[in-house]
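Take a look at the structure below.
The values are calculated or read from the model by the stated rules, or taken from the named source; none is laboratory data. Quantities reported herein were computed from a predicted structural model and do not represent experimental measurements. We place every Cβ from the backbone using ideal geometry, glycine too, and count neighbours over all the protein chains shown.
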Amino acid sequence: MSTTPARRWIVRGTATAIAVVVAVGTIGAAHAFGTTEAPGRPAGRTVTPVPADAERVCAGSALRLSDDAGNDATKATTVGTATVATATTGESVERSDLASSTNGSSDPTLLTAPAGDTTPQVAGSSYQNVSNGDLVGVAAASCDDPSQSTWLVGGSTETGRTSLITLSNPTDVNATVDLSIYDGTGTVSAPGTTGIVVAPNSQKVVPLSGFVSDQGSTVVHVTSSGGQIVAHMQETVVRTLTPGGFDIVSGGAAPSRSQVIPGVVLRGAQEAQRGDDTADAAPIVRLFVPGDKAARVTLGITTADGGGTTVNTTAEPGVVTDVSLDDFPDGRYSFSVSSTEPVVAGARTTTPTDHDWTDLGWFASAEPLGAKAITSVAPGDGARLNVVNPTTEDATVVIRSGDDRKSVRVPSGSTETVGVDTAKQLTITGAKGLVAGITYQGDDGVAGFPIRPETEVSTPVRVYP
């Protein structure tokens, strides 16, 4: 897992503390070494990192490529405002905005939990329902740790499809970002994909169409040096003159032979594909093999009522593969990917809405949780928690919200879906090795995001001369 902001500052503090210990040890070497340990063993010192603030960044609001007057298609402007819900193990969560670059910004929210006696955890999510011109639908996203590597499995640059990558830098140094872009034909080679500088405490918006045109299946690997980045992608669909929805792609799990997409909503898939320009309205699982060998992939599809099936496919290396899921009934599903080679994975669905429109939903793969996790679900229609147990042991997961306590048994290899409170802090225990996500389903569309494991923090280390 990538180094998080809490870890980054703690490590920096640890390095300083180590330097101090070594310096002191050098000055008083004759007295310090060999006097507190058994003969022949060098003395050591335990260094406890100083508690640090915890930070995560939320995706921000819906974007349109134009200014408020409909001009200047090189600048991204916000449409409406996303609702953000927060959680922390500390005493409070502070919210602030990152600065905009010259090409616009989604107004991302920086969540900060100030340090106390220990380094706290912070978490959150965002949700937005928008209807403005041809930008119509619902979107949800997790608030994420800054990272040096993010996989965005989603997007399209076909006619009527707009995909915007948001690069948020919450650190105090420049971040230099490289975008590795892949489509159905292979690796995209285009000027401008490397050396993208994102200033400290700011966000830059990068249109995917600036690097690849008329491609319906894309995957983007975002890497950074210097400052760390939180990356999301917004895709908007317009079918001729008809709104086709929008959603935000959260970062998925790193390449692995095992991937889990914990919550996927299928609703009205056949109806959504009626009419013109609806080829990309079919539900799919998107796969990408970053290595050089083809992968044999088994896709396990399960529901909370115990139903399930498998789909077998082959994913060629270096090209994006979309696996169709056209014949599945409505429901909330989890997808488990088992592969002979490391892969990344995500899922896309489309659902009918009012006025003969549709809405787009992207669902990211998720990392396994630890023994404890916190989250807060932004308010939205039909919010549900989806818990997947890919382990060989049955689990009992406890979900706490204030004084409310809910116990959910999740047998090995199964999926459970439960209703949860929104805009309240949720504490999840007993879910070590399990994977979880939130899905939304309402008359205006579908959306979802993965629940992130707790941020790793530094622990005391033993320093030897």
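Yes or no, residue by residue, for (1) β-branched (Val, Ile, Thr); (2) under 22 Å from Ser147 (Cβ atoms); (3) part of a strand (DSSP E or B); (4) modelled with pLDDT under 95:
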position	(1), (2), (3), (4)
Gly413	no, no, no, yes
Thr422	yes, no, no, no
Thr427	yes, no, yes, no
Gly437	no, yes, yes, no
Gln441	no, no, yes, no
Gly448	no, yes, yes, no
Thr455	yes, yes, no, yes
Thr459	yes, yes, no, yes
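Go through segment 138-193 and report how many residues are more than 26 Å from Phe449 (Cα to Cα), of a type in the set (Val, Ile, Thr) and part of a loop (DSSP other than H, G, I, E, B). Residues in segment 138-193 being more than 26 Å from Phe449 (Cα to Cα), of a type in the set (Val, Ile, Thr) and part of a loop (DSSP other than H, G, I, E, B): 5 in total. If the condition is being of a type in the set (Gly, Ala, Ser), surrounded by 15 or more Cβ atoms within 10 Å (Cβ to Cβ) and either closer than 21 Å to Asn386 by Cβ or in contact with a helix residue (DSSP H, G or I) (Cβ under 6 Å, 6 or more places away or on another chain) (or both), then segment 287-330 contributes Gly300, Ala304, Gly308. Going by the structure shown, is Pro379 within 20 Å of the chain's Cα centre (by Cα), farther than 30 Å from Val238 by Cβ, part of a loop (DSSP other than H, G, I, E, B) and of a type outside the set (Asp, Glu)? Judged against the criteria, Pro379 is not a match. Determine whether Asp277 is surrounded by 24 or more Cβ atoms within 10 Å (Cβ to Cβ), charged (D, E, K, R) and either modelled with pLDDT of 95 or more or over 23 Å from the mean Cα position of the chain (by Cα) (or both). No. Residues that are in contact with a Phe, Trp or Tyr (Cβ under 9 Å, 6 or more places away or on another chain) and surrounded by fewer than 24 Cβ atoms within 10 Å (Cβ to Cβ): does segment 133-148 have at least one? Yes: one or more hits. Looking only at segment 348-376, residues that are small (Gly, Ala, Ser) and either assigned to a strand (DSSP E or B) or at positive phi (or both) come to 4 in all.
If you go through segment 342-359 one residue at a time, how many are buried (at least 18 other Cβ atoms within 10 Å of the Cβ) and either in contact with a Gly (Cβ under 8 Å, 6 or more places away or on another chain) or free of Cβ contacts under 8 Å to residues at least 24 places away in the same chain (or both)?
Quick first cut of segment 342-359, residues buried (at least 18 other Cβ atoms within 10 Å of the Cβ) only: 343-353, 357-359.
With the extra rule that they be either in contact with a Gly (Cβ under 8 Å, 6 or more places away or on another chain) or free of Cβ contacts under 8 Å to residues at least 24 places away in the same chain (or both), the set shrinks to 344-346, 348-353, 357-359.
Count: 12.
Considering Ser96, Ser149, Ser156, the condition of being touching a His at 6+ places or on another chain (Cβ under 8 Å) and either basic (Lys, Arg) or farther than 18 Å from Gln425 by Cβ (or both) is satisfied by Ser149 alone. Every condition in (1) surrounded by 24 or more Cβ atoms within 10 Å (Cβ to Cβ); (2) within 17 Å of the chain's Cα centre (by Cα); (3) closer than 21 Å to Ser147 by Cα is met by Val206 except one, and the failing one is (2).
Confirm whether Pro368 is surrounded by 15 or more Cβ atoms within 10 Å (Cβ to Cβ), over 30 Å from Val122 (Cβ atoms) and modelled with pLDDT of 95 or more. Can you show your working first?
Numbers: surrounded by 15 or more Cβ atoms within 10 Å (Cβ to Cβ): yes; over 30 Å from Val122 (Cβ atoms): no; modelled with pLDDT of 95 or more: yes.
For Pro368, the condition - surrounded by 15 or more Cβ atoms within 10 Å (Cβ to Cβ), over 30 Å from Val122 (Cβ atoms) and modelled with pLDDT of 95 or more - is not met.
Can you name the residue in segment 441-465 that is in contact with a Phe, Trp or Tyr (Cβ under 7 Å, 6 or more places away or on another chain) and closer than 30 Å to Ala272 by Cβ and, of all such residues, is surrounded by the most Cβ atoms within 10 Å (Cβ to Cβ)?
Taking segment 441-465 as the starting set, the residues that turn out to be in contact with a Phe, Trp or Tyr (Cβ under 7 Å, 6 or more places away or on another chain) are 446-448, 465.
Among the residues that remain, those that are also closer than 30 Å to Ala272 by Cβ are: 446-448.
Numbers: Val446: 31, Ala447: 33, Gly448: 31.
Per the stated criteria, the residue is Ala447.
Looking across segment 210-251, just one residue is of a type in the set (D, E, K, R) and within 20 Å of Gly318 (Cβ to Cβ), and that is Asp214. Among the residues of segment 242-271, just one is buried (at least 19 other Cβ atoms within 10 Å of the Cβ) and more than 25 Å from Ser125 (Cβ to Cβ), namely Ala269. Going residue by residue through segment 297-316, is there one that turns out to be out of contact with any Lys or Arg (no Cβ under 8 Å at 6 or more places or on another chain) and within 24 Å of Leu164 (Cα to Cα)? Within segment 297-316, none of the residues are out of contact with any Lys or Arg (no Cβ under 8 Å at 6 or more places or on another chain) and within 24 Å of Leu164 (Cα to Cα). Thr102 meets all of the listed conditions (1) surrounded by fewer than 22 Cβ atoms within 10 Å (Cβ to Cβ); (2) of a type outside the set (Lys, Arg); (3) more than 30 Å from Val285 (Cα to Cα); (4) within 20 Å of the chain's Cα centre (by Cα) but one, namely (4).
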